[in-house]
Structure formats: structure tokens, C-alpha cells
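Before any comments, here is the structure.
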Amino acid sequence: MAGVPQSWGSYKGMSSDNITGLILALSSSFFIGASFIVKKKGLKKAGASGIRAGVGGYSYLYEPLWWVGMITMIVGEIANFAAYAFAPAILVTPLGALSIIISAALAHIILREKLHVFGVLGCVLCVVGSTTIVLHAPQEREIESVKEVWDLATEPAFLFYAATIIAAALILVFHFIPQYGQTHIMVPIGVCSLVGSLSVMSVKALGIALKLTFSGMNQLIYPQTWAFAIVVAICVITQMNYLNKALDTFNTAVVSPIYYVMFTSLTILASVIMFKDWDRQSPSQIVTEMCGFVTILSGTFLLHKTKDLSDGLSPSQSMRLPKHANENGFSHEDIPLKCQESSRSP
């Protein structure tokens, strides 16, 4: 039909590939959301008999329940990776927000973790903001070889982004984690999200390489493929390490949405820089994405402040109630020393 954009045709109905991608994306959200809960229970069990992950321990590696959660997350990530092979990102990416709802619901039922009403509102704002961004993000460009991805990754703009991300992550790890890792949720989650944006770009490259290899064009002979594989391995190990620290220290219902928001936002930014998506964006898309970022920041602020609230009490009142602080995801060590001393005094 004359005058109708060709892209509109993809929204008139769902193909069998899109339905397959939808099912895979929904399955991915369930597995990933559940994995947060299983891993948290494993971390708690391991922390009871060893050094907690939140203070640098790795006893959880000997805990079978943690490995069940880890395997569950891997299954979810594989399903998510496969979903992108069948359906467009505009369909798959927003469904990742469902893992937040699943994680929060299971945390309330299984872990008995309570989320303040403002935390619920923060979750809603985060999901709305993230969905707004991914729904209005430009379509990804077609890539036909792993060398093409390598060329994009080694251009000055993305090299500057990657250097900035690595520098920021190193500053968080060596300066802020030792001082604020136990009290500021944004520190460990920041490391996970920063590194995660680089890992996704490498995962995309590996996905392209595997897809072309299975179609008869062997990409495993190129050193770029193995370079991307090494980057993925380093980034994933780093992400898992600091995500475990965050889960062991803070409320799961708060960790999950903040991680999703920061990870999604930085991944979209990395994709825009690497694949030059701004060339295909209209002014209305840019304005809508800015509104989405404002919504995300509002939700993140509410979630960050929720950890100071307990049953409607003010932050100063909550600090005088160690038990309530524990219910909101903080350990006894997170309470100031003076408060602990006053609680022991007659």
C-alpha cells in the first residue's frame, strides 16, 4: 500500500518465528527471575557456615543450592540468547522486565522479604521507563560477519566508551567497593551493569559467528571470534562475582530491578554507540527515550531510598531497629557501631 512504511507490516501479526521467540523470552524471564531467589537462598545457607559473599567469601561455591540457581540463570540466559535468533529485539528485550516481577513475587513468598509501597512504585517506574526505551530504540543493523563487528568495536567512538566503562569499573572495584560495598547498593550493581554492557556486545558478536558457522560460513577460524569469547568469559565472571555480593547484602526485590534498569540502559547506550543507531532515529524517538531515562532515574531513586524505610518509619527510626533493618536486606554489620553499642547498653 502506497504511503505506508514497510516496517508496519511486521506488526500486523506474529509469525511462527516471533511466537517461538516470544515463548523463549517468557521462559527466560521465569528462569532468570527464579534464579535470583534460589541463589539468594544458597548464599544464605553458605554464609551460615562460612564467610559471606558480601564480605569477600566464596563459600557459596561449595553450596549445591547456589549452583542450582546458577544453572537456572544459565538456562534463562540461553533461552534469552535463542529468543533473539527468532524474534526482533523490540519484542524480546521488554519481556526481560518480567523477571523483575517474578523475582519480587518469589522473594515476598519464599524469602519473606518485604518491599515498601514506594519500592513497589519504584519497580513500576523502572519497568515503564525501561520498556519505553527499548520499544522506541532504533532497529539493529544487519551484520554479516564477525569481522564487521570487530571493525565496529575498534572504531574510536566505541573504544572511548569501552575505555570509560573499564576505568569506571576499576574505580568502583578498588576504591568504592572496600568502603561502600556493604552500604550502597549502587556500587556492586554498578560494576555488574558497566561490565555487562560490554559483555552483551561480545555476546552479539559470538551469536553472529555461531549463526554464520551453522549456516556454512565458518567464523571459528578468525581470531576475532576467540577474542570476543575471552571478553565474554571475563565479563561474565566479573558480573557473577559482584552480583553475588549484592544479593548476599541487599534485598533481592531491590537488587533485581536496579540491576535490570542499569544493565538495560547501559546496553542500549553501548549498542547505539557501536552500531551507530542514532543515524536512524527521529527527534520523537530521542525525546521519548529521554523521557524513559527520567522515568528510570525516578524509579531507581525510590528503590534506593526504600532500603532506609521500614513499615513506614523514618530512616532514623529504622536505624534504631536492627531486626527491621535485617528484614529489608541488611546484615547486622550494616548497622552503625554506635547503634550496636547502644543496643547492648542497659
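Here segment 231-260 and segment 282-299 have alpha carbon centers that stand 25 Å from each other.
For Trp226 and Ile286 in one chain, what is 0.36 nm times their gap in residues minus the Cα-Cα distance, to one decimal in nm? Mind showing how you got there, number by number?
Details: separation 60, 0.36 × 60 = 21.60 nm, distance 3.53 nm.
Separation in residues times 0.36 nm, less the Cα-Cα distance, equals 18.1 nm.
Using only the Cα atoms of segment 115-307, build the gyration tensor, take square roots of its eigenvalues as a ≥ b ≥ c, and label the shape rounded, prolate or oblate: rounded if a/c is under 1.5, else prolate if a/b is larger than b/c, else oblate. Oblate is the answer for segment 115-307, as a/c is 1.5 or above yet b/c matches or exceeds a/b.
Placing pseudo-labels 7 Å out from each Cα toward the beta carbon at Val294 and Trp150 gives an inter-label distance of 4.4 nm.
Filter Lys211/Lys245; Lys41/Lys114; Lys204/Lys276; Lys114/Lys245 down to the pairs with a C-alpha to C-alpha distance above 26 Å, please. The partial results should precede the final answer.
Values: Lys211/Lys245 35 Å; Lys41/Lys114 16 Å; Lys204/Lys276 15 Å; Lys114/Lys245 20 Å.
Going by Cα-Cα distance, Lys211/Lys245 fall outside the 26 Å limit.
Shape verdict for segment 222-288, please, from the Cα gyration tensor: rounded (a/c under 1.5), prolate (a/b greater than b/c) or oblate. Oblate, since a/c reaches 1.5 and b/c is not below a/b. Computed extension gain for Glu77 through Val124, at 0.36 nm per residue and net of the alpha carbon distance, reaches 14.6 nm.
Any read-out appearing in this document is the output of simple, stated calculations on the displayed coordinates, not a laboratory observation. Because the structure is predicted, anything quoted here is derived from the model rather than measured. We place every Cβ from the backbone using ideal geometry, glycine too, and count neighbours over all the protein chains shown.
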